[in-house]
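Chemist: Pasting a structure here, questions to come.
Throughout, read-outs are computed from the coordinates displayed, never taken from laboratory work. Worth saying up front: this structure is predicted, and the values here are computed from it rather than measured. Cβ coordinates were reconstructed from backbone atoms using ideal geometry, including for glycine residues, and neighbour counts include every protein chain displayed.
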Amino acid sequence: MPAANGELASAKVCLYTNTPDETFVIDRHPVASGVAFASACSGHGFKFAPVIGEILADLATEGSTTWPIERFRRNRFGNATGAPAAGF
């Protein structure tokens with residue numbers, strides 16, 4: 001890209017998120033039937049987007065998935081109602 005060989009016009013820091021244990025959150029909503037959610041943690045989860053999408057589709061349409069997702073459940077940070085733990 002020869003035209004890009006000029007002065008730097010601007011720059012920004014790339015911020016990303018992580019859970020306290022640096023692992024995804026993938027689960028079903030505790031109250032709303034047919035709703036699934038994930039926090040793939042920004043750039044860390046980018047390469048996992050296809051499988052996370054498949055898991056979310058399974059959870060939303062079937063209520064379960066064959067993928068082993070127990071370590072990604074929301075309640076690992078707090079109570080089973082979905083309320084966040086202190087500091088999260």
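Chemist: Based on the mean of other Cβ atoms within 10 Å per residue, sort peptides 2-11, 23-32, 46-55 so the most packed one is first.
Modeler: Highest-to-lowest ranking by the protection proxy: 23-32, 46-55, 2-11.
Chemist: Hey, how much of the P(r) for the range 1-69 falls beyond 20 Å, as a percent of Cα pairs?
Modeler: 46
Chemist: Fully extended, how many nm does the chain gain between Phe37 and Trp67 (0.36 nm per residue separation, minus their Cα-Cα distance)?
Modeler: Stretched out fully, the Phe37 to Trp67 stretch lengthens by 9.3 nm.
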